[in-house]
Amino acid sequence: MDKIVIEGGVPLSGEISISGAKNSAIKLMAVCLLTDQPLELTNMPRLRDTRFMGQLLASLGTQVEEGPGSRMLLHANDLTSTTAPYDLVRKMRATFNVLGPLLARCHKAKVSLPGGCAIGARPVNLHLDALQALGADIELSEGYVIASAKGGLKGADITFPFISVGATEHTMLAAVLAKGETVLNNAAREPEIIDLANCLNAMGAKITGAGRSEMRIEGVKSLKGVTYSVVPDRIEAGTYALAAATAGGKVRLVNVRSDHLGSLWPLIAQAGAKVTMDENSVLIERGSTRLKPVDMETQAYPGFPTDLQAQFMAMCCLADGVSIIRENIFENRFMHCPELARMGADITVHGREAVVRGVEKLTGAPVMATDLRASASLIAAGLAAQGTTEIARVYHLDRGFEHIEVKLGNCGARIKRVSE
């Protein structure tokens, strides 16, 4: 099993190109199930999660080919199965979203209940309630969802009891081929939602209101193939921006949509780093001046993303004062705190709130990654720490970051991957 070894205390300097968005790419891959024509995705990240999704789609009869550069060709011309088995779905929660497309196209599906990062309870009841509203018959049996829709799905007026990105995306994937109009109320507004809608509309879907709390979907009979570019990953961009602010130095992020991180830039500036933006890049600069404390709470988009909370906390660990961080999305997303504490951080957790008392320095130590985003927080802390940091369980990192040690190494970080 690999681990990441970092010799910290070196400011970063250089340029990092941001890959396509993991959280968008996986859902866009599921789109191929809605048509018998080829779907070509460009700006695709090469990740464990996209490989997992490719394996699942192949098991259903999809041709999956990785082309040159960052291209992927998906062709579900003749689906040979409508069953997504436990051994594949357990590896990654987002694979559960093949249920809706299979129901929409084949009118039946058997999909295992999902797995994924252990960051709190993420029940799929909102997904299933929405599919039932669209006319699906749902049965739970031995860890599987067995669904059918004789005669096809039908449009419905659906109000989500709380904002859910996954349920919004899943319902979109099912409703595009339903008969009649579907209205989604209290829908998620994330850029990945807009990206999914843009791809589906390019294929002939009729979706309006993506990015707003009310979305309308007029069902169509079929979708055509298309070539579509995945949106840049805002979480990867935010991770490297926070790493630069934590370790210090001067890093330019390119192929980035700065407007997708409007909640992050003011807080980085408040902490004492300089943020300069233009159309396609963001420059982060911080000298030797100590960081300032900043309070933050996670919220649904356009609020501060939960997927950057751990990385933001790593920055606050070195601030001159007390920062209060509140996690409003997931109830168990402070598992990185004990690992940061091993490096000298002073963090006290009370339920969904963490009090971070900044220290003058962090010290390298052996630590363990507990989930994808927590892994990135340990990378940032290790870059700023004095001495050697060894991060175990880095397979979490490979789920969501493409060549993170290479990208940081190109900016002067003393970081390497070691096989144990």
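If each Cα of the stretch 231-303 is one equal point scatterer, what is log10 of I(q)/I(0) from the Debye formula at q = 0.20 Å⁻¹? Those come out to -0.81, one per q. A straight chain from Asp36 to Lys221 at 0.36 nm per residue would run longer than the Cα-Cα distance by 65.4 nm. For the stretch 295-335, the extents of the C-alpha atoms along the principal axes are 29, 22, 14 Å, listed from largest to smallest. Per residue, the Cα convex hull of the stretch 339-420 amounts to 101 Å³.
Sites count as exposed loop sites when they are trypsin sites (Lys or Arg not before Pro), lie in a DSSP loop, and have at most 11 other Cβ atoms within 10 angstrom; the longest stretch of the chain without one is 222-420. If you take all C-alpha pairs in the stretch 22-229, what percent of them are over 22 Å apart? Percentage above 22 Å: 42.
Listed from fewest to most Cβ neighbours within 10 Å, the set Met29, Met44 follows the order Met44, Met29. Relative to the longest principal axis of the Cα atoms of the chain, helix 234-247 runs at roughly 10 degrees.
Taking 8 Å as the Cα distance limit and 6 or more residues as the minimum spacing, I'd like the relative contact order of the stretch 156-295 as a percentage.
18 percent
For the stretch 114-226, what class follows from the C-alpha gyration tensor (a ≥ b ≥ c being the square roots of its eigenvalues): rounded when a/c is under 1.5, otherwise prolate if a/b is larger than b/c, else oblate? Since a/c reaches 1.5 but b/c is at least a/b, the shape of the stretch 114-226 is classed as oblate. Qualifying GluC sites (Glu not before Pro) in the stretch 190-298, where qualification requires a DSSP coil assignment and no more than 13 other C-beta atoms within 10 Å, comprise Glu279. In terms of its C-alpha gyration tensor, the stretch 19-93 has an oblate overall shape, because the principal axis ratio a/c (a ≥ b ≥ c, square roots of the eigenvalues) is not below 1.5 and a/b does not outweigh b/c.
Three principal axis extents describe the C-alpha atoms of the chain; from largest down they are 65, 44, 42 Å. Computing Rg and the Kirkwood Rh from the Cα coordinates of the stretch 267-415 gives a ratio, Rg/Rh, of 0.94.
Taking 8 Å as the Cα distance limit and 6 or more residues as the minimum spacing, I'd like the relative contact order of the stretch 1-136 as a percentage.
21 percent
All of the numbers you see were taken from the coordinates with simple rules; none came from a lab. Everything quoted here is computed from the prediction, not taken from an experiment. Methodologically, a virtual Cβ is constructed for each residue, glycine included, from the backbone with ideal geometry; neighbour enumeration extends over all protein chains shown.
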